[in-house]
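Notes for the one structure printed next.
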Amino acid sequence: MDERLREILAQEEAWVVGGAVRDELLLRPVLDLDVACAEPREAANRFARRFGGSVFPLSERHGAWRVVADGVDETVDFTPVGEGIDADLATRDFTFNAIAVHVRTGETHDPHDGRADLEAGVIRAVSESVFRDDPLRLLRAVRFEDELGFRMDERTEALLRASAALVTQPAGERVLAELERLSPPGFRRLDDVGLLALLGGELDGRLDALDDPDFRLVVVFGGNLSRLPISNELKRYSAALRRARRPEDPSPRAIHRFRRDTEPWALDALADPPAPLVRGDELGIDPGPAIGRILDVIDEERAAGTISTREEALALARELAAVEASA
């Protein structure tokens, strides 16, 4: 437990909750703290006076306050405990974020069995209204799957799919912050659960071509990226990539025109989809329409992240060829 919190909150009922507890249990770095206490404003000011930092109102509606540390990448949020810690945890999104640790005693309170879900790698909604209460949680669920390697349980995924239409409601800044953290498999999962198209995106063969979050946003959202509050730099980057056309020939003039239109992102503009895992003539089956069908399935499974190597592609091709032969 953070000794600074124990020092300033030793005489009152206060709990560390949410992501800080989750990340500590996962042995991940804990950069931000979320503290539920009786007097958030007073606690935030005491913390800042004692340990340094600037105090800001985080939510006047909910009475939450934030301390931004001086010279350190850390924030400490103080929120009202309200009707008690059980009521507070019942409003959280997923069970592994609904675990609390008492500041003074170090006691762990886990009424929704979040620790068991952490150990099992499961994302489980705390309540039936989880996504209606805050539609940003639709994106957070997919992002947690992507970052932690977890999977939603069947009930939570069903709730997410039923609430998918709400995904456009959160503020653009919050949506963008979630999208920037997704890997290529994260975007594929976003598409799989029906959220990507609602946000104006679609999967693109170049998704894996460059390991860069801005590049992924541009190839997934194209011109629709401007719907989000992106920076001017990202607007210029997006425009350069979208207008880029490969040089028609290797002449100095053609290359000059290409570089003029795309610098300083010429290399990004040249990024191509990854080479296919296998070619039709490597499948070992007779020429015919079955080859095209099998290659389409291989491409789809690769995009979904279920296969990633040549060996896996060939194994899948053998299974599909057997099915074709028996049809």
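Descriptive notes on the structure:
- Candidate set from the range 220-265 (those that are free of Cβ contacts under 8 Å to residues at least 12 places away in the same chain, open to solvent by less than 60 Å² (accessible area, probe 1.4 Å) and farther than 30 Å from ASP192 by Cβ); member that is farthest from the chain's Cα centre (by Cα): SER251
- For the range 26-43, the set of residues classified as touching a Leu at 6+ places or on another chain (Cβ under 8 Å) and either β-branched (Val, Ile, Thr) or surrounded by fewer than 17 Cβ atoms within 10 Å (Cβ to Cβ) (or both) consists of LEU26, VAL35, listed by residue number.
- When the helices (runs of 4 or more DSSP H) confined to the range 216-327 are screened for residues that are in contact with a helix residue (DSSP H, G or I) (Cβ under 9 Å, 6 or more places away or on another chain) and of a type in the set (D, E, K, R), those reaching at least 3 such residues are found at 232-243, 289-304, 310-326.
- Flag: ARG216 does not match the condition of being open to solvent by less than 70 Å² (accessible area, probe 1.4 Å), touching a residue at least 24 places away in the same chain (Cβ under 8 Å) and under 17 Å from GLU301 (Cβ atoms).
- Residues of the range 88-111 that are crowded, with 21+ Cβ neighbours inside 10 Å, within 25 Å of the chain's Cα centre (by Cα) and assigned to a loop (DSSP other than H, G, I, E, B): ARG92, ASP93, ALA98, ILE99.
- When residues of the range 46-61 are limited to those that are of a type in the set (A, V, I, L, M, F, W, C) and closer than 16 Å to ALA36 by Cβ, the one least open to solvent (accessible area, probe 1.4 Å): PHE47
The values are calculated or read from the model by the stated rules, or taken from the named source; none is laboratory data. Keep in mind that this is a model prediction, so the values were computed, not measured. Neighbour counts are summed over all protein chains in view; Cβ atoms, including those assigned to glycine, are modelled from backbone coordinates with ideal geometry. When the accessible area is computed, the model is the full protein with side chains, heavy atoms only, and any ligands, DNA or RNA have been set aside. Shrake-Rupley method; radii C 1.70, N 1.55, O 1.52, S 1.80 Å.
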